[in-house]
Each structure stands twice: as C-alpha cells, then as structure tokens.
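Below: the structure, in structure tokens.
Derivation of every value follows stated rules applied to the coordinates shown; laboratory data play no part. All values reported here derive from a predicted model rather than from experimental measurement. Neighbour counts are summed over all protein chains in view; Cβ atoms, including those assigned to glycine, are modelled from backbone coordinates with ideal geometry.
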Amino acid sequence: FHFKDSLAEDLQSADLVISHAGAGSCLETLEKGKPLIVVINDKLMDNHQLELAKQLHRDGYVLYCNCSTLVEMLQSMDLSTLKPFPPGQPEKFASFLDKVFGFQ
C-alpha cells in the first residue's frame, strides 16, 4: 500500500494479513481477530522486529518468517494453531497511573 490514513476497512475484510513486525501493525491486526504472518526485516540494525515476532509467536498469536521463507510459510502454514489475541484492558493502565500520581 501507499500511505493510507487507516487500514481498518482493509483489515476488516481480510482473511489473512501479511505484515512487517511493527508493533502498531501487529496489534491492530491481532485486535481485529485476523490471522497474521509477520515478515521480519532481518537487515534492521537492532532487529527489534524479530524480538516482537518471536514473542508473539511463542505466545501463539502469529506465524513469522522472513522474505526468503514467505512462500514456504504460505505453503505449510496451519492457521488453526493460532490463539485469539486477548482484548486490551486500558482501564488497568489508567488505574496504575492514578496510583503512581496519587489520584487514588
């Protein structure tokens, strides 16, 4: 895609999402309940995308690969092994901040 203000409509209609391992892209996709294959960019200096992809994979939420193994991943993937991503609980973070700043 070229830049779009939102991918919400595209995500809603998708049966499978293939994305880079940016935190926003991963979380937005998982929150929509869509199966996700994360394609890491192993040429990044600190390779933080690999760390995120590995952790989400260990937790059972995504499959991951790199560009050279994407075709193989698509041929062998089993999306039934993926777990649903739990919904966020922003009220817990708000409560934590309230305690830290003495509002409670």
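Laid out as a table, the results:
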| read-out | value |
| --- | --- |
| Residue in region 95-104 that is at positive phi, surrounded by fewer than 12 Cβ atoms within 10 Å (Cβ to Cβ) and either without any contact (Cβ under 8 Å) to a residue 40 or more places away in the chain or not in a helix (DSSP H, G or I) (or both) present | yes |
| Scope region 10-63; condition among the small types (Gly, Ala, Ser) and touching a strand residue (DSSP E or B) at 6+ places or on another chain (Cβ under 8 Å); matching residues | 19, 21, 25, 53 |
| In region 62-79, residue surrounded by the most Cβ atoms within 10 Å (Cβ to Cβ) [restricted to those that are part of a helix (DSSP H, G or I) and touching a residue at least 40 places away in the same chain (Cβ under 8 Å)] | 70 |
| Unmet requirement for residue 46, which otherwise passes all of (1) touching a residue at least 12 places away in the same chain (Cβ under 8 Å); (2) assigned to a loop (DSSP other than H, G, I, E, B); (3) over 23 Å from residue 10 (Cβ atoms) | (1) |
